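J.: For reference, the structure I am asking about is given below.
Read-outs throughout are calculated quantities, based only on the coordinates presented, and are distinct from any laboratory measurement. This structure is a prediction, so every number in the text was calculated from the model and none was measured. A quick note on method: Cβ atoms are made from the backbone with ideal geometry, for glycine too, and the neighbour counts reach across all protein chains shown.
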Amino acid sequence: MDEIAILGVGMHPWGKWGRNFTDYGVHAARAALDDADLDWREVGFVSGAITVRCGYPGYVAGSTFARALGFTGAQVASSYSACASGATALAVARGQILSGVCDVALVVGADTTPDGFLAPNEGRRPDDTDWLRFHLVGATNPVYFGLHARRRMELHGATREDFALVKVKNSRHAVHNPNARFTKEFGPDDVANSPVVSDPLRLLEICTTSDGGAALVVASMDYARSRGVTDPVRVAGISLVTPTYPDPVIDLPYLATDSSSAVVPAEKGFKESIGAQVYAESGLGPEDVDLAEVYDLSSAMELDWYEQLGLCSEGEAEGLLRAGDTSIGGRIPVNPSGGLGAFGEAVPAQALAQVCELTWQVRGEAGRRQVEGARIGISANQGLFGHGSGVLVRR
Amino acid sequence: MPGTTKKRVPAVEGLFTLDEPPHLIGGRLIETGGYCFPKDLGGADPGAPDGAVEEALLSRRGKIWSFTNSAYPPPPPFVSDEHYEPVTIAAVELDEESMVVLGQVAPPSSVDDLSVGMEVELVLGTLYEDDDNQYLTWQWRPVDVGD
């Protein structure tokens, strides 16, 4: 797969700021343009990641950000794929660049989120599985995280202490991240003393929702070279895969899995296929990766990703964690940014924030959370209703 | 209202029968025999382009694939009052259908009473009520309880 260059990255710090999402997106966009040393008027295409919680301007996010930066006649598109929206917006920009429609594109996602559980829109909708799972079962998002955590305990001998250790590790990383919302270091006792949300998971192990924004300036390799950037950070692979029928793993927002009674499930599960696509596009494998940013909606989910990205074999994630291999300074650091546990989820910005972190890491600009010698990083993430999301960033 | 009998109605029509014993109303792809639940909200089999689905009552017994609870009151459209009791939830493997179906676990069973692989059966329980009706949903109940 042809590569594109990442010329600039920028974020608005995550928090509960209560301002309009546009502010965060514009802040992040300006930071990315500054980082790229690029005038906004050079941008030929704006790719917005949609928020569904901020009214019409959120549905047309690309245009909202473009207008706030000052309309220039640039082309625009907006994408929604739940938590995967940022990766989708990046993929749309890559398509425009590689097809020659534009030389340089700005990708932006930002959100202003309400407190509490994410929940369906109002109104009685019995033909919507997302509505049914709340109404008939009370199955919030953490319920699914709890189901998978318990399953991990049963299959692989994971313990509550292992799950807590993920939180402890990531909180230690986040201490050094100025864009993280939670920068306090937590110990195992802090986790154990926080209330249960969905057994076996506790409050400190489940990601909250946040306000935030993230942006990337991406360009063709020729354009990067024309600006004197001879060895840019590159996007070498993007995954937007869907599951393959029948998917035998129960996942939100569904009430049931597909049935495997008539068709044998694919050898690779859905989440394994996310990383596999990124590796296939980039011509690289798990053995080449120096660090990973993964979607730790829960502490236990981070352990699943170690295996699903091939960082270790199935059943070995706890060993990797306990040995310190996934801490900064370890063999394959995971979530050096602090991950979602430290950020909270700003849905359309999150997949882009992962790419921001990977970019800073492979540039060697991550300060006290720097993964030494990092040259190749992978992100993984998943959006509701079957959206895979993964990006490989390399130098 | 003691002494009065409320009408038992499904909280949502068409997902389970009110028979004794009750069944989940799933779908079965006519072309391949694959199942889904709910009947009209399953993912299609790309190898069965016709996609026609007939009604199929699903097995009443299965084994717990995993379980958890919702310690905090879920937001609407879940209906709860100030007396919220944590809902226990199980994902249950149905052998014949080769699928996993979510559902509440019938009280008073809690996560402390459950284990992966435990056999459960389908019952109906009250989700919420008003002056006239009890609104029902399906629940999983450990088979060694209550019978």
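J.: I need to check one value: relative contact order of chain B, counting alpha carbon pairs closer than 8 Å and at least 6 residues apart, in percent.
T.: 24
J.: Using the C-alpha atoms of region A:1-158, what convex hull volume per residue, in cubic angstrom, is computed?
T.: Working: hull volume 27.9 nm³, N = 158.
Hull volume over Cα atoms, normalised by residue count, gives 177 Å³.
J.: Using packing as a proxy for protection, rank A:135-141, B:20-26 so that the peptide with the highest average count of other Cβ atoms within 10 Å comes first.
T.: Sorting A:135-141, B:20-26 by mean packing, highest first, produces A:135-141, B:20-26.
J.: Next question. State, to one decimal in nm, how far the label point of B:Asp95 lies from the label point of A:Val60, with both points 7 Å from Cα in the Cβ direction.
T.: 5.8
J.: Counting only other chains, and only Cβ atoms inside 10 Å, what mean value do you get across the residues of A:40-52?
T.: Taking all residues of A:40-52 together, the mean is 0.
J.: Counting only other chains, and only Cβ atoms inside 10 Å, what mean value do you get across the residues of A:198-207?
T.: Details: counts 9, 12, 3, 2, 1, 2, 0, 0, 0, 0.
Mean partner-chain Cβ count within 10 Å for A:198-207: 3.
J.: Roughly how many whole Å is it from the C-alpha centroid of region A:168-188 to that of region A:371-395?
T.: Spelled out, the Cα-based centre of one part sits 20 Å from the other.
J.: Sticking with this one: Could you list A:Cys312, A:Cys356 in order of exposure, starting from the residue whose Cβ has the fewest other Cβ atoms within 10 Å?
T.: Fewest-to-most Cβ neighbours within 10 Å comes out as A:Cys312, A:Cys356.
J.: Within the set A:Lys16/A:Lys169; A:Lys167/B:Lys39; A:Lys16/B:Lys63, which residue pairs have Cα atoms separated by over 31 Å?
T.: A:Lys167/B:Lys39; A:Lys16/B:Lys63
J.: May I have the convex hull volume per residue, in Å³, for the Cα set of region A:152-208?
T.: 81
J.: I would also like to ask the following. Using 1/(1 + (r/R0)^6) with R0 = 41 angstrom and r between the beta carbons of B:His83 and A:Thr159, what's the FRET efficiency to the nearest 0.05? If you can, show how the numbers build up before the last one.
T.: Numbers: r = 33 Å, r/R0 = 0.82.
Given R0 = 41 Å and the Cβ-Cβ separation, E is 0.75.
J.: Right, something else. For region A:126-255, what ratio Rg/Rh do Cα atoms give with a Kirkwood hydrodynamic radius?
T.: 1.09
J.: On to the next question. Provide B:Thr5, A:Thr242, A:Thr208, A:Thr88 in ascending order of the number of other Cβ atoms located within 10 Å of each residue's Cβ, fewest first.
T.: On the way: B:Thr5 7, A:Thr242 15, A:Thr208 18, A:Thr88 27.
Arranged by neighbour count, lowest to highest, B:Thr5, A:Thr242, A:Thr208, A:Thr88 become B:Thr5, A:Thr242, A:Thr208, A:Thr88.
J.: Treating only the Cβ of Lys, Arg, Asp and Glu as charged (+1, +1, -1, -1), what charge dipole size does region A:349-395 show about its Cα centre? Round to the nearest 20 debye.
T.: Dipole magnitude for region A:349-395 comes out near 140 debye.
J.: Which whole number gives the average, over all residues in B:30-41, of C-beta atoms from other chains lying within 10 Å of the residue C-beta? Don't jump to the answer; show the numbers that get you there.
T.: Details: counts 0, 1, 4, 4, 8, 8, 7, 7, 8, 0, 1, 8.
Whole-number average of other-chain Cβ neighbours for B:30-41 is 5.
J.: Expressed in nm to one decimal, what extension gain is obtained for the pair A:Ala266 and A:Thr230 from 0.36 nm per residue of sequence separation less their Cα-Cα distance?
T.: 8.8 nm
J.: In which sequence would A:Glu42, A:Glu293 go, from the one with the fewest C-beta neighbours within 10 Å to the one with the most?
T.: In order of increasing Cβ crowding within 10 Å: A:Glu42, A:Glu293.
J.: On average, how much area does the Cα convex hull of chain B cover when viewed from any direction, in nm²?
T.: 10.3
J.: Can you tell me the alpha carbon radius of gyration of the protein assembly as shown divided by the globular rule-of-thumb value 2.2 N^0.38 Å?
T.: 0.99
J.: In debye to the nearest 20, how big a dipole does chain B give about its Cα centre with +1 on each Lys and Arg Cβ and -1 on each Asp and Glu Cβ?
T.: Dipole size: approximately 40 debye.
J.: Next question. Tilt of helix A:85-98 relative to the longest C-alpha principal axis of chain A, in degrees (0 to 90, nearest 10)?
T.: 40
J.: Report Rg (one decimal) and Dmax (nearest whole number) for region B:60-147, counting Cα atoms only, units Å.
T.: 13.3, 40
J.: Determine ³J(HN,Hα), in whole Hz, for all residues of region A:200-209 in sequence, where each value follows from phi through the Karplus function 6.51 cos²θ - 1.76 cosθ + 1.60 and θ = phi - 60°; x replaces Gly and Pro.
T.: Karplus-based 3J(HN,Hα) across region A:200-209 equals x, 8, 10, 3, 6, 9, 10, 6, 8, 10 Hz.
J.: Here's something else I'd like to know. What is the packing order of peptides A:187-196, A:62-71, taking the mean over residues of other C-beta atoms within 10 Å and listing the highest first?
T.: With the highest mean Cβ count within 10 Å placed first, the list reads A:62-71, A:187-196.
J.: For every other residue with a beta carbon closer than 9 angstrom to the beta carbon of A:Arg394, add +1 if it is Lys or Arg and -1 if Asp or Glu, then tell me the sum.
T.: +1
J.: What's the center-to-center distance, using Cα atoms, between region A:1-31 and region A:34-54 in Å?
T.: For region A:1-31 versus region A:34-54, the Cα centre distance is 8 Å.
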